[in-house]
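Single-structure report; data block below.
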Amino acid sequence: MTSRRRGLTVLELLIIVIVIVVAAVLLLRWRGAKDSTATAGPAAAVTDSVSSMAPSAASGSVASDLFFIGPVDSVATTGDTVTVRLVTTRESGAPAAGVTVNLSIASGGGNLSTPSAVSRADGEMEVRWMLGAEPGPQVIRAMMDGIESSATTLEITTTARPASSP
């Protein structure tokens, strides 16, 4: 009996290429975030900036990074309320629980549901942001409690609310 060597199909090759490209993009994004103090990226349509800092003790865990992980869309309508999600991590990349993060509106107006939030066991926290009434860029700033170098920003570009029909 002869054995026949089977080559890869076009679909299998395409899947391999996609996996390699996604892995490369994720690695470059992660390395860029570690090397930069204000790196913006389009991944998952989120505009986020990340900055690294020296470790700081917070409730027994050492937090070193603060990331915006949501909203998923960087475009919204004026006056909408969006849920902003952040995560704090240790130098090792593990979640940092019990870290207080202070938030403020840097431009564009609107209201935050709370001026600060504390990370859960998974390192994540959520804050509701009612966007301002003027169309254009709106920015909030997050900073780990008392550590200026931990500041990071999230920008959402708002569009005017459509006029209601009579």
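Among the residues in the stretch 54-77, are any modelled with pLDDT under 50, surrounded by 15 or more Cβ atoms within 10 Å (Cβ to Cβ) and of a type in the set (A, V, I, L, M)? Taking every residue of the stretch 54-77 in turn, at least one turns out to be modelled with pLDDT under 50, surrounded by 15 or more Cβ atoms within 10 Å (Cβ to Cβ) and of a type in the set (A, V, I, L, M).
Per-residue answers, yes or no, for (1) touching a Leu at 6+ places or on another chain (Cβ under 8 Å); (2) touching a residue at least 60 places away in the same chain (Cβ under 8 Å); (3) under 14 Å from residue 65 (Cα atoms):
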| residue | (1), (2), (3) |
| --- | --- |
| 81 | yes, no, no |
| 92 | no, no, yes |
| 100 | no, no, yes |
| 107 | no, no, no |
| 113 | no, no, no |
| 134 | no, no, no |
| 138 | yes, no, no |
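Looking across the stretch 106-130, the residues that are buried (at least 17 other Cβ atoms within 10 Å of the Cβ) and at pLDDT 90 or above come down to 110, 117, 119, 123, 124, 125, 127, 129. For residue 14, the criteria (1) at pLDDT 75 or above; (2) closer than 25 Å to residue 144 by Cα hold in every case but one, which is (2).
Taking the options 73, 145, name whichever one is of a type in the set (Asp, Glu) and within 15 Å of the chain's Cα centre (by Cα).
Details: 145 fails: within 15 Å of the chain's Cα centre (by Cα).
Just one listed residue meets the conditions, 73.
The values are calculated or read from the model by the stated rules, or taken from the named source; none is laboratory data. Since the structure is predicted, the reported quantities are computational estimates derived from the model, not experimental observations. Counting neighbours? That spans all protein chains shown, and the Cβs are built from the backbone with ideal geometry, glycine included.
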